[in-house]
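Nothing in this text is a laboratory measurement; each read-out follows from the coordinates by a stated rule. Given the structure is predicted, the values throughout are model-derived calculations rather than measurements. Note: ideal-geometry Cβ built from the backbone for every residue, glycine included; neighbour counts use all protein chains shown.
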Amino acid sequence: MRYLLRWTPLESDMTNITNRAVPTRSSLSFIYVTAGLVVTVLLFGTAGVLWLTGSSNGEMPGGAFTLESSSGQTVTNRDFRGKYMLVYFGYTYCPDVCPTTLNAVAEALDELGPRAEKLVPIFITDDPQRDTPAAMKRYTAAFSPALVGLTGTPDEIVRVAKEYRVYYAKHITGPGPNDYSMDHSSIIYLMGPDGEFIAPISAEASPQEMADKIGKLMS
Ligand code: NI
């Protein structure tokens with residue numbers, strides 16, 4: 001989400017406007033600030049509306065999905081019945097939030113010890129364009145052998161993200177096809193052995209805090 005606030009006018013726009021010398025400096029900054037706010041509200045507002053729509057219906061995050069495992073096999077939500085799921089959405093090119101969160105999840109699993117056997121940590125990409133099964137395999141292996149990486153077609157990813165009320169959006173950073181980052185919400189979902197939502201786990205929690213909360217909720 002941090003990228004959303006980096007709104008700046010193009011230099012050429014600035015030159016064009018200032019050459020005309022009609023608006024004053026302060027009225028210009030007012031326009032820029034207002035436009036920036038409108039953009040921010042629109043983007044954050046969409047995420048908020050998605051979340052609220054879900055909860056006002058009494059619907060909890062989670063639901064059916066069909067995705068692809070890192071070994072290229074079809075995986076559905078039913079394959080995890082009988083186990084708790086710890087579901088997190090992100091992407092392998094993520095510069096900081098995803099790796100930090102997944103490190104904490106891996107450490108929390110270590111903290112849980114044998115209790116972690118009832119739990120499957122799942123990382124679902126919101127960047128299916130770059131996150132192929134092979135890329136997911138390499139990436140998840142770096143954190144924990146228990147971490148399940150799931151990708152899918154763009155449509156499948158849109159569907160599962162909607163089920164989990166996950167917000168994500170492409171943020172273009174350059175002219176090339178791979179010059180982009182993904183803005184995405186960062187919440188870990190604890191799901192029960194019946195596939196039902198139990199509680200959100202803060203992605204900013206320490207591994208110990210995560211393990212404590214998950215341990216309590218699983219018992
Ligand atoms: Ni991320």
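Brief remarks on what is shown
- Straight-distance crosslink candidates among aspartates and glutamates, where the alpha carbon sits under 12 Å from Lys137 and sequence neighbours closer than 8 are dropped: Glu68
- Interchain or long-range residues, amide H under 5 Å from Ala203's placed H: Ile188
- FRET E, pair Ile172, Thr132, Förster distance 22 Å, beta-carbon r, rounded to 0.05: 0.60
- Euclidean distance between Cα centres, the range 165-216 to the range 81-124, Å: 10 Å
- Subtracting the Cα-Cα distance of Thr74 and Asn103 from 0.36 nm times their residue separation leaves 7.8 nm of extension gain.
- Taking amide H atoms as placed 1.01 Å from N in the peptide plane, the amide H of Tyr167 lies under 5 Å from those of Ser185, each 5 or more residues away in sequence or on another chain.
- Extension gain, Ser219 to Ser206: 0.36 nm times the residue separation minus the Cα-Cα distance gives 2.7 nm.
- Table column - 3J(HN,Hα) (Hz), the range 184-197, Karplus curve with 6.51, -1.76, 1.60, x for Gly and Pro: 8, 6, 10, 10, 9, 10, 8, 10, x, x, 8, x, 7, 5
- A crude spin-label estimate for the pair Tyr180 and Ala64, with each label 7 Å from Cα along the Cβ direction, gives 2.9 nm.
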